[in-house]
Every structure is written in C-alpha cells, then in structure tokens.
Amino acid sequence: WLNYAYAQYEPTKWLTFLGGKFESPFFHTDMLWDSDIRFDGFAVKSKKTVFKGTKLPETELFLVSGYFPLDNNTAGASDLALSVFQFGEEMKIGETAKLKSGLAYYNFHNMEGYVTSKLEEKKSTNTSTTVGVARILEDFNVLSPTVELTFNDPLGVGVPITLIGEYADNLAVTNDKKNDAWRAGVQFGKKVKKKRDWMVLGQYSRLENDSFVDIFPDADLNSGGTNARGWEFIIDYGLMDNVALGLDYYNSRVISGAKANDQVLEADIVIKF
C-alpha cells in the first residue's frame, strides 16, 4: 500500500545511505526494471566530480551498491536476495553534448531451484526456463551496461536528441542462446515540465528467456516477462506547467513459441505538485 517508505542520511555531499522502500538508485532503462518497481532494502550512493576547471571534460563519477531481500524460504533453503553493484559516469562534452553511462552487476542469490509458483504470487509470467516441478533451472548473475548520449541541439532547431542503449548478459546461464537482452532507442526533446514542452521516444527491445528474472522487466512489453521483442513509441506533451499528456504504444511478440502479436496503447495525464 506504500509507494515509498524509507530513511535517507547524507553525512557528506558525496555520500548517501538509503534504507527502506525507494525508487531505483541505479542508472538503467525500464527494459530490466519496470518503472513501477520499488527497491526494498539498503543502498549506498557516492559521487565525485573530477577534471573540473581543467582541459579534460568535467565528469561526475558515481558508485552505487545495494542489498535487497526478495523472499523468505520457510523450507530450510536459503532466502532469496539481490545484491547490486554499479559504477558509472556523467560527462560533459564541451557545450554540445553529455554522455552518461553505467555498468551494473545484478547478483540474484539462491534463485536456482526456486519454485515458480511463488514467483507467480509476484506476477511471474513463467517465461524463465524451468525444470522438474516448475523450478528455476539456472541462476541469475547479470552484467548490464547502460548508455545515454545527449546532443543539446544537433539540428539547430532547439531540440535535444538522445541516443539510448542497454544490454544485459546473464553470466550464470550455460545456454548462450537464452541469456541476452538489449535495447536501442532515440529520443527527441526532453522531459516534459512546462506548457508546450514535448518529447518523442522510439525504441526496440529484445529479452531472451533467461536474460533476467521475469517478474521485473517492463510489464507492458508483450504482457511482461522475458522471451519478448518489439517496439515502443512514446509521445509526451505539456498541456500546462506540471501537467502532461502521454501516449504510449507497444507492438511486440514472443521470441520463441506462439507468434501472436501483442499491441497496447496507453494514454494518461500526469499532474505534478
């Protein structure tokens, strides 16, 4: 019932401690982590600006780590948990561009052999490979780089353009045909805040069966889960300050299995105050 419930402590400008239920402290798209996901546990964030006032591009380095309990096993087996480590940077490229990138490692503890009926309670789509009595076949130790390259005004018309890329490789999977996920996209405009602001985003995603735990990826791409590929197009427009109209269209299908096409159109109005 609570979207957020956390404590935050900043002993210095470069160090932050988080505990409770909070938004993702990591840099990524919603390919692996649906935007509604809240991380429940503990995280530490640090950052440092380097090369300021020098001939080298000013860069902010960041380091984030966290530990998040996922489920308590009552049958004597070890509990499920997630530990995450991410290193990244945000660099100014002169006055014309900005590059932000991060490399994350998601280590899911004790996922191998977990009964998927318990995952169903957490909205599992049963797209991860299972064995025996619906038990997860292999673990999830996922290495995932994410990149955003933003050009302030490459066309000379006052419109920023951002190139988006994300990749994931589940290092624990022995079948290398089912362990990858990737996304590529381009965004015109920027986040809508004021009246007449606008943003258009188009991106393509592909998630193999065991690229990630199937309860976490974008829930609207082929009805959620993995074993999915397809396009997403988003249009946001500022009706007035802090009020935005959004349209979101998905055209996707499964990678292996029945080839039924899945199309979803969403519309919403967001009011911020």
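The values are calculated or read from the model by the stated rules, or taken from the named source; none is laboratory data. Fair warning: this is a prediction, and the values are worked out from it, not measured in the lab. With ideal geometry, Cβ positions are generated from the backbone for all residues, glycine too; neighbour counts draw on all protein chains shown. Remember, those area values only see protein heavy atoms, side chains included, never the ligands or the DNA or RNA. Shrake-Rupley method; radii C 1.70, N 1.55, O 1.52, S 1.80 Å.
Residues in region 192-257 average 43 Å² of solvent-accessible surface per residue, probe 1.4 Å, ligands and nucleic acids excluded. Beyond 22 Å in Cα-Cα separation lie the following of the pairs Lys47/Lys100; Lys52/Lys92; Lys52/Lys190; Lys100/Lys272; Lys55/Lys193: Lys52/Lys190; Lys100/Lys272; Lys55/Lys193. Once the C-beta distance of Gln263 and Leu149 is scaled by a Förster radius of 41 Å, the resulting FRET efficiency is 0.85 to the nearest 0.05.
Computed on the Cα atoms alone, the convex hull of region 146-201 gives a volume of 95 cubic angstrom per residue.
Could you point to the label whose value was computed as volume of the Cα convex hull per residue in Å³ for the structure here, given (1) 171; (2) 117; (3) 159? It is the one labelled (3). Each of Glu266, Glu95 has its accessible area taken with a 1.4 Å probe; listed largest first, they run Glu95, Glu266. The portion of the accessible surface of the chain made up by carbon and sulfur, rounded to a whole percent, is 58 (1.4 Å probe; DNA, RNA and ligands excluded). Rolling a 1.4 Å probe over the protein chains gives Met91 an accessible area of about 50 Å².
Semi-axis lengths, largest first, of the ellipsoid equivalent to region 148-273 are 31, 18, 12 Å, with √(5λ) applied to each eigenvalue of the Cα gyration tensor.
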